[in-house]
Amino acid sequence: MPNSSSVSEFLLLAFADTRELQLLHFALFLGIYLAALLGNGLILTAVTCDHRLHTPMYFFLLNLALLDLGSISTSVPKAMANFLWDARVISYPGCAAQVFLLVFLISSELSLLTVMAYDRYIAICQPLYYRTLLSSRACAQMAAAAWGSGFLHAVLHTANTFSLPLCNGNTLNQFFCEIPQILKLSCSDSYLREVQVLVVTAFLFGGCFVFIALSYVQIFRAVLRIPSQQGRHKAFSTCLPHLAVVSLFMSTIMFAQLKPPSISSPSLDLVLAVLYAVVPPAVNPLIYSIRSQELKNAIWKLMGRCFS
């Protein structure tokens, strides 16, 4: 039986057999990718260039934009190339790199969203201590911890996955290299590996979810005690974009990774993968720019400079 050393490449999922549908999928992914590049690029440039946005909230938003650009650039360009050239092949090292980068960036994003919930909690529940608890040094340390935790999580999962011998073919039922799909190719009993992956993922996601949920319970209690309607509206407007991003990101990725095998199907796996790996990087800039007048003003000012 061949093992992982004899597998030099993997075959990714083919969305369609006809050339017309392949080009349609290419155009769809290209539109989403360009929207993500434009939206996150504008946020990065606006936050960097506008001194009024040099605050903890926008510092974390800049990090989120970097992670979104990285995650969508890890999976979508390869899928677009496969659609355009009617190919399905990805090399073994390329697949390992894709798994590492995706786990690294997505795990870091989850940790960063947890840090951003803490930022909103301090801003609304303990505003007098905001500049003390969220100084420039503290923000840099929290952002570094988010990136570092994602890196360690990625090393663990990548080493765990690619140490398995593979003898059940080399076809993955996904448009990018995804750990559950690779585990299905293992010729050893991958049950324990799947349990390990599930436990580590559940611990990370569960801890972040509990922290975010508790933060927002305290935030909503504090907001409801604000006497003026205008004050409540302003407080809610600073939290709703983050809450929307967290809800979209965590609901799709938790269901994708923790769903029972009995309801798993190739079409459902594909839809969930698109929802957690492709859609958030494209819609996150839109969610934040709609609710933040400061960010909208900075982006319009930036675009005015470019066109003038």
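Among residues of the range 74-95 being at pLDDT 90 or above and not in a helix (DSSP H, G or I), the one that is least open to solvent (accessible area, probe 1.4 Å) is ILE90.
From the set of residues in the range 181-195 that are under 13 Å from LEU166 (Cα atoms) and at pLDDT below 85, which is surrounded by the fewest Cβ atoms within 10 Å (Cβ to Cβ)?
In the first step, residues of the range 181-195 are kept if they are under 13 Å from LEU166 (Cα atoms); the result is 181-190.
Restricting the remaining residues to those that are at pLDDT below 85 gives 183-184, 186-190.
Working: LEU183: 17, LYS184: 16, SER186: 19, CYS187: 14, SER188: 12, ASP189: 9, SER190: 19.
If we take residues in the range 181-195 being under 13 Å from LEU166 (Cα atoms) and at pLDDT below 85, then ASP189 is surrounded by the fewest Cβ atoms within 10 Å (Cβ to Cβ).
Scanning the range 272-302 for residues that are of a type in the set (S, T, N, Q) and over 20 Å from ILE72 (Cβ atoms) returns SER292, GLN293, ASN297. Checking ASN160, ASN168 one by one, the residue that is part of a loop (DSSP other than H, G, I, E, B) and modelled with pLDDT under 95 is ASN168 and no other. If you check LEU28, LEU42, LEU61, LEU24 for being surrounded by 23 or more Cβ atoms within 10 Å (Cβ to Cβ) and either free of Cβ contacts under 8 Å to residues at least 12 places away in the same chain or part of a helix (DSSP H, G or I) (or both), only one passes: LEU61. Scanning the range 8-21 for residues that are among the aromatic types (Phe, Trp, Tyr) and in a helix (DSSP H, G or I) yields a count of 0.
Can we say ARG52 is out of contact with any strand residue (DSSP E or B) (no Cβ under 8 Å at 6 or more places or on another chain), surrounded by fewer than 23 Cβ atoms within 10 Å (Cβ to Cβ) and among the basic types (Lys, Arg)? Answer is yes for this residue.
For the range 10-21, filtered to residues that are closer than 26 Å to LEU185 by Cα and not aliphatic (A, V, I, L, M), the residue that is most open to solvent (accessible area, probe 1.4 Å) is ASP17. Exactly one of these conditions fails for ALA222: (1) buried (at least 19 other Cβ atoms within 10 Å of the Cβ); (2) at pLDDT 80 or above. Give me its number. That leaves (1) as the condition not met.
Among the residues of the range 258-297, those that are part of a helix (DSSP H, G or I), among the polar types (S, T, N, Q), touching a helix residue (DSSP H, G or I) at 6+ places or on another chain (Cβ under 9 Å) and open to solvent by 40 Å² or more (accessible area, probe 1.4 Å) comprise GLN293, ASN297. Going by what's in this entry, would ARG120 be described as closer than 27 Å to SER135 by Cβ and among the basic types (Lys, Arg)? Yes, satisfied.
None of PHE100, PHE151, PHE176, PHE205 is crowded, with 20+ Cβ neighbours inside 10 Å, part of a helix (DSSP H, G or I) and either out of contact with any Gly (no Cβ under 7 Å at 6 or more places or on another chain) or not hydrophobic (A, V, I, L, M, F, W, C) (or both) except PHE100.
The values are calculated or read from the model by the stated rules, or taken from the named source; none is laboratory data. Bear in mind the structure is a predicted one, so any value in this text is a computation, not a measurement. Counting neighbours? That spans all protein chains shown, and the Cβs are built from the backbone with ideal geometry, glycine included. These area figures cover heavy atoms from the full protein model, side chains too; ligands, DNA and RNA do not enter into them. Shrake-Rupley method; radii C 1.70, N 1.55, O 1.52, S 1.80 Å.
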